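The values are calculated or read from the model by the stated rules, or taken from the named source; none is laboratory data. Quick caveat: nothing in here was measured; it's all calculated off a predicted structure. In this analysis, Cβ positions are derived from the backbone assuming ideal geometry, glycine residues included, and neighbour counts consider all displayed protein chains.
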């Protein structure tokens, strides 16, 4: 029978003295724990906790998962740490009420069970997960600059052990249903059709709750806790700067002190209003907005044809097949196709584990030396050599073969679409899909619009990008688009510093201390110095970039970076760079020169309309290059520094180092540089 209660987001049914409570947040694709959802949940618990029930089952009506966490949009409304701590206490109170029910409760988990969603599940007596790779559980709060706040840091260690719990909270990584069962995070994994029956069986049997064995709890013993804390802290220092990312250090400290729920709430409150969390939340919401934009229209793509089995083409094909698309991959060299097949098998075996899933993915990826897939393709992506004439010739051939409704795309990193569109009778169907290397790790795809690109082509390109779980960023066709254009002055300045005699290790250390994931010199070596030179030369005319002699000479010698074993760095057989010890320091303003070149070019992109607003620059550079996420992106960082101060610093550097530092006129236009409010989902 149905139980009548005034709620919007929950459905409650009762049968055989068991309540089945289904969360279906109104108007949303995914369940998130907003204040309203938690208040409704609390009212439901208040109504049922005194009744003589056999049990409670909590599940989700959303196809894509259980609960993705707290409603991140609400974070932006919080003005101080007191308000943030109160939010955490409210969640703790509701979940403590759930944990204190006089009858067993079961969380039925499928899809994403993250953050506050997992904390809700932890407050249940039992957790049963759907048995597939799509089910993912985790506490990813550190990626938003915070830590669990609904008592997750208190409940998780006793359940799975201290080191396993700390690993999940410090890294923010997720685990599959199978891994969660092995950890003790869930009590059972079953196919979807058996979930509800399994819940009723657990309620009927009421077995002892799982708890970590004594050796998994040993690190929390008083005489071991401090040494373990120091060891983990040293390891953490190698991965995260506490000044940039304080949240994981707070997690460790809470564990060291065996902190209470109240201490967890107070710590969360301080983090949630700090600079790092504010900026990471902003970037997260911008990424979510890009996804929403891509979902507004269908892509109509079932078969993808990729031309070019080099690094980028192969990786695009492998990734698209991994995400469920039929893919044919064309290349004139059979050995390139063979390498791709071998690479794909290794990737799928690592990701999919099960032989059937691996074979299905391999079946979706079809080597196609003759290009037979062109006639069946809904989308064609060319990823051949970065040469305008060669690409134009290819597109003439493609257009003569493909169906009229097929979408044509180029993965060019710098050639304007107008140049390539000259080869087409119908250039409106041509769009840029600029992926970044490595495709399996880099989330951004630049959706490049030429002057003749149709709106429908752009919509399909965005939708396809979201379908393969990537972020589509609209950019106008212009030299270098956004990411490469903003990144290239930064890389060139690093090479100029090296040419001036600054040790490359010192240059890279300055950048990583600032917060970049990799130093610019090592990044250039990793990308390939030949590619850097090609892009730099292509941008040298329109942007006035001066190419350092040292870069040109390295390429002429065949020192292409990591792929040749030598570039600016020398690489060992494992592909690791050999670093020299850096002694002393330099008076040269290394990081100022590097970052201000980048900020100045970003401002120029805004002025020229390469992207629509500062938020687009920020999301593009964070997800496309890894620009110091804790700063929220180049333009948010510029906003913190102040336009006047940046322009003044650029003029000073221009006097000392030359006209490449002359401030762009955009710095005088505050209206152009003002951030927009991220739309609410």
message = With the structure loaded, tell me whether residue 28 is over 21 Å from residue 110 (Cβ atoms) and surrounded by fewer than 19 Cβ atoms within 10 Å (Cβ to Cβ) or whether it fails that test.
response = no
Of 552, 485, the only residue that is part of a helix (DSSP H, G or I) and farther than 30 Å from residue 452 by Cα is 552
Filtering the stretch 466-481 for residues that are farther than 29 Å from residue 542 by Cα and touching a helix residue (DSSP H, G or I) at 6+ places or on another chain (Cβ under 7 Å) leaves a count of 2
Do we find that residue 66 is at pLDDT 95 or above, part of a helix (DSSP H, G or I), assigned by TED's automatic domain parsing to the domain that holds residue 195 and touching a helix residue (DSSP H, G or I) at 6+ places or on another chain (Cβ under 7 Å) in this structure?
no
Does any residue of the stretch 554-569 turn out to be surrounded by fewer than 17 Cβ atoms within 10 Å (Cβ to Cβ), at pLDDT below 90 and more than 30 Å from the chain's Cα centre (by Cα)? no
Here the qualifying pairs (Cβ atoms under 8 Å; residues six or more apart or on different chains; first in the stretch 649-661 and outside the structural domain of residue 591 (by TED's automatic domain parsing) and at pLDDT 95 or above; second surrounded by 19 or more Cβ atoms within 10 Å (Cβ to Cβ) and part of a helix (DSSP H, G or I)) come out as none
If we ask which residues in the stretch 350-392 are assigned to a loop (DSSP other than H, G, I, E, B), more than 18 Å from residue 334 (Cβ to Cβ) and touching a strand residue (DSSP E or B) at 6+ places or on another chain (Cβ under 9 Å), their number turns out to be 3
Picking from 501, 515, the residue that is free of Cβ contacts under 8 Å to residues at least 12 places away in the same chain and either assigned by TED's automatic domain parsing to the domain that holds residue 536 or within 15 Å of residue 381 (Cα to Cα) (or both) would be 501
Within the stretch 103-127, of all residues that are part of a strand (DSSP E or B) and within 20 Å of the chain's Cα centre (by Cα), the one surrounded by the fewest Cβ atoms within 10 Å (Cβ to Cβ) is 111
So the helices (runs of 4 or more DSSP H) completely within the stretch 133-194 holding 3 or more residues that are touching a strand residue (DSSP E or B) at 6+ places or on another chain (Cβ under 8 Å) and in the same structural domain as residue 250 (by TED's automatic domain parsing) are 177-183
query: Do we have any residue at all in the stretch 246-254 that's buried (at least 20 other Cβ atoms within 10 Å of the Cβ), over 20 Å from residue 156 (Cα atoms) and under 25 Å from the mean Cα position of the chain (by Cα)?
result: yes
Flagged in the stretch 263-285 as over 15 Å from residue 630 (Cβ atoms) and touching a residue at least 40 places away in the same chain (Cβ under 8 Å), in numbering order, are 264, 265, 266, 267, 268, 269, 270, 285
**Request:** Please verify whether the stretch 437-451 includes one or more residues that are under 25 Å from the mean Cα position of the chain (by Cα), closer than 25 Å to residue 591 by Cβ and assigned by TED's automatic domain parsing to the domain that holds residue 542.
**Result:** no
* In this structure, is residue 227 surrounded by 11 or more Cβ atoms within 10 Å (Cβ to Cβ) and not assigned by TED's automatic domain parsing to the domain that holds residue 513? -> no
Checklist entry - Got at least one residue in the stretch 576-593 being within 29 Å of the chain's Cα centre (by Cα), without any contact (Cβ under 8 Å) to a residue 24 or more places away in the chain and not assigned by TED's automatic domain parsing to the domain that holds residue 386? => result yes
Screening 373, 324 for residues that are exposed (fewer than 14 other Cβ atoms within 10 Å of the Cβ) and under 21 Å from residue 465 (Cβ atoms) leaves only 324
